[in-house]
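Heads up: the structure comes next, in structure tokens.
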Amino acid sequence: MSFLADRLARVKPSPTMAITALATELKAAGRDVIALSQGEPDFDTPANIREAGIRAIQNGETRYTVFDGRIELKRAICGKFKRENGLDYEPTQITVVNRTASPTAVHWHGIELESYFDGVAGFSGQGSRTTPLIVPTDSFAARFTPPRAGTFIYHAHVDDLRQIALGLYGPLLVLEPGETYDPATDHVLVFSQLGGGGQGVVGLNGAASPPPLELRAGVSHRLRFINIGIQDLIDVRLLGDSTLLTWRPLAKDGRDLEPYHATRRPATILFGPGETYDFELSLPRGDYRLKVDAFSDFEVMVRVR
Ligand SMILES: [Cu+2]
């Protein structure tokens, strides 16, 4: 009786290795042969790489590393982009810990990142390495380098309608290097369903009756609108008395607009789940209101002082 599985017999030796072996044999026999089988350069490893390899071995760096590359390497690559291309990148790691009673996974909406970390369990990833479910009490480290500054979203991607309606979402703001977030002039407005299941009440930043939005008079403010409602188009109008005000769009779905699109226009948007809009707004002292029409309608006072 054989202890080897039958399917092992179907595994054939590598033709590439067979050609290489034959070429080596012919060369040893004195024949002038150029082997074109293995994809190998015809020059030696450059001296700086040889020396770095020797140093790494002498420093004991001979174990497996994380599969997507060590943080030192990522930092060095970011440094290269900064130095030679004037581009700013910063590697990020966000650990999602599941403290709920249900399996979940988190999707980083609008950010370009490696599929494996993008939170669609059993689907994101490559080959047999697909994103796992995060079971209760377990965690998952999502690693990515945000491609640019902007307004993005994260949200659950398991049993979506229920988990998102129950609040498993949030804004994900990426700022330019060196920029700090100033809540006095930078306002995040997240529209969503409140409560699980079906077409629940729509609210702003988790509240069905949101508190007034406080702005400073004559100062430029950034409003970041996010719709993470589960299936609802939301219509927003910024009104003074009954007249529509104006604002200037800055970005859409985390991408800055070209100057010819970033022009002043009536302060209204109709937007669907997963969309984000950034606007610039400056108002004189007064009382205004954001009128929101969705499954449920409500108004947000805007107090400018
Ligand atoms: Cu999404």
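Here, each number is a calculation from the coordinates, and none is a lab measurement. From a predicted model like this one, the values you see are computed outputs, not experimental measurements. Backbone-built Cβ (ideal geometry, glycine too); neighbour counts: all protein chains shown.
Rg/Rh for region 115-201 (Cα atoms only, Rh after Kirkwood) is 1.02. Set the Förster radius R0 to 25 Å, insert the Cβ-Cβ distance between residue 181 and residue 305 as r into 1/(1 + (r/R0)^6), and round the FRET efficiency to 0.05. Efficiency at R0 = 25 Å is approximately 0.70.
Measuring nothing but how far apart in sequence close Cα pairs (under 8 Å, 6+ apart) lie, relative to its length, region 71-174 scores a relative contact order of 28 percent.
Applying 0.36 nm per residue to the separation of residue 26 and residue 208 and subtracting their alpha-carbon distance, the gain on full extension is 57.5 nm.
For the chain, the mean residue ellipticity at 222 nm estimated from helices alone is -5000 deg cm²/dmol, where every DSSP H run of n ≥ 4 contributes -39500 (n - 2.57) and the total is divided by all residues, rounded to the nearest 500. Sites count as exposed loop sites when they are GluC sites (Glu not before Pro), lie in a DSSP loop, and have at most 15 other Cβ atoms within 10 angstrom; the longest stretch of the chain without one is 180-305. Model label points for residue 18 and residue 239, set 7 angstrom from Cα along the Cα-to-Cβ axis, are 7.9 nm apart. Equivalent ellipsoid of region 1-119: semi-axes from √(5λ) of the C-alpha gyration tensor, largest first, are 41, 29, 16 Å.
So what is the diffusion coefficient of region 71-174 in µm² per second by Stokes-Einstein at 4 °C and 1.567 mPa s, using a Kirkwood Rh over Cα pairs? Answer from the Stokes-Einstein relation: 88 µm²/s.
Among the trypsin sites (Lys or Arg not before Pro) in region 162-241, those located in a DSSP loop and surrounded by at most 15 other Cβ atoms within 10 Å of their own Cβ are 216. Loop-resident chymotrypsin sites (Phe, Trp or Tyr not before Pro) (DSSP state other than H, G, I, E or B) in region 228-305 with no more than 12 further Cβ atoms inside 10 Å of their Cβ: 260. Based on C-alpha pairs under 8 angstrom that are at least 6 apart in sequence, the chain has a relative contact order of 12 percent.
How high is the FRET efficiency from residue 135 to residue 162, r the C-beta distance, R0 22 Å, rounded to 0.05? E(calc), rounded to 0.05, equals 0.85.
Full extension of the chain between residue 33 and residue 64 yields a length gain of 7.5 nm, computed as 0.36 nm times the residue separation minus the alpha carbon distance. For the chain, the alpha-carbon coordinates run over 95, 55, 36 Å along the three principal axes, in decreasing order.
Counting other Cβ atoms within 10 Å, keep those with at most 14, restrict to DSSP loop, and tell me which trypsin sites (Lys or Arg not before Pro) in region 1-72 are left. Sparse-neighbourhood loop trypsin sites (Lys or Arg not before Pro): 31, 63, 70.
In terms of other Cβ atoms within 10 Å, 226, 57 run from fewest to most in the order 57, 226.
Ranking 94, 134, 116 by Cα position along the charge dipole of region 71-174, where only Lys, Arg, Asp and Glu carry charges on their C-beta atoms, puts 94 farthest toward the positive end. The ranking of 45, 131, 268 by Cβ neighbour count inside 10 Å, starting from the fewest, reads 45, 268, 131. Once the chain from residue 280 to residue 257 is taken as fully extended at 0.36 nm per residue, the excess over their C-alpha distance is 7.1 nm.
Debye-formula intensities of region 186-304, expressed as log10 I(q)/I(0) at q = 0.11, 0.23 Å⁻¹, are -0.34, -1.43 (one equal scatterer per alpha-carbon, no solvent).
Scanning the chain for long hydrophobic helices, with DSSP H runs required to stretch 15 angstrom or more by C-alpha along their axis and to average at least 0.0 on the Kyte-Doolittle scale, returns 15-28. Spatially, region 1-72 and region 132-186 are offset by 41 Å when compared through their Cα centroids.
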